[in-house]
1. Just for the range 147-165: of the residues that are in contact (Cβ under 8 Å) with a residue 24 or more places away in the chain and surrounded by fewer than 17 Cβ atoms within 10 Å (Cβ to Cβ), which one is farthest from the chain's Cα centre (by Cα)?
2. What single numbered condition from (1) modelled with pLDDT of 95 or more; (2) surrounded by fewer than 20 Cβ atoms within 10 Å (Cβ to Cβ) fails to hold for residue 67?
3. If a residue has to be part of a strand (DSSP E or B), touching a Ser or Thr at 6+ places or on another chain (Cβ under 9 Å) and of a type outside the set (Phe, Trp, Tyr) to count, how many in the range 123-182 make the cut?
4. Assess whether residue 97 counts as being in contact with a Lys or Arg (Cβ under 7 Å, 6 or more places away or on another chain), under 21 Å from residue 55 (Cβ atoms) and in contact (Cβ under 8 Å) with a residue 40 or more places away in the chain.
5. Taking the options 144, 123, name whichever one is surrounded by 13 or more Cβ atoms within 10 Å (Cβ to Cβ) and farther than 20 Å from residue 36 by Cβ.
6. Can you say whether residue 84 is surrounded by 19 or more Cβ atoms within 10 Å (Cβ to Cβ), within 27 Å of residue 172 (Cβ to Cβ) and not aromatic (Phe, Trp, Tyr), as far as the supplied structure shows?
7. Enumerate the strands (runs of 3 or more DSSP E) found wholly within the range 38-90, keeping only those where 1 or more residues are on the phi > 0 side of the Ramachandran plot.
8. Return the residues of the range 19-66 that are of a type in the set (A, V, I, L, M) and under 21 Å from residue 167 (Cα atoms); say none if nothing qualifies.
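The values are calculated or read from the model by the stated rules, or taken from the named source; none is laboratory data. Source: prediction; values computed, not measured. A quick note on method: Cβ atoms are made from the backbone with ideal geometry, for glycine too, and the neighbour counts reach across all protein chains shown.
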Amino acid sequence: MVSLLGAALVASTLALPAQAATIPATGTFQMTTAPGILPTWTRADIALIGIAPGAVITSPAERSARIDLPVVAKTGTANASAGGFRLVNTSTGEAVRCLVPTVDTRARLIDCLTPSGYSLALFEISGIDERTKISTNTTRTTIFEGMDIRLLNSPMAERLNKELDTSVFSASVQIAEGSLVVTRAR
């Protein structure tokens, strides 16, 4: 009985797919708030703040904000960035942090590391307009443009509304448009 159990365990282990290796990568992930999002958040006292080496750049007249994050690694279709951003209720001081966001273009999710150390899928990528691949003898670059970024679902919108003591978050609207440029060695 023990040998049958051991054989079954070995067979099931061999049938598992190989894990993709994490490799160094460079590039940039950018999210620009969709029209009307930043003014709505501002009226509700919600601010968007970069976490170094990430940055938040606000347009003139504060109509939109762009989050710029450097890409540092790649594991399969998941692209890890450095830094992050915070959503802060400036009246209450409550905040939600998205640390070292990982953009998975196949799963179409953006995961954040929370301050307590677990991964949280905060956003979904509901569409990608264009994909481009550029290869040289030494590198491969993949460019994703026109990424439609929304909150993952209604429970996530409710969670943000509760944690930030607001009512401005909804899963039914586009939060941002994103782009991702990832270069890795061949």
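1. So the residue we want is 165.
2. (2)
3. 28
4. Yes: the conditions hold for residue 97.
5. Just one listed residue meets the conditions, 144.
6. In short, yes.
7. It comes to 84-89.
8. Residues satisfying the conditions are 34, 37, 38, 44, 46, 47, 48, 49, 65.
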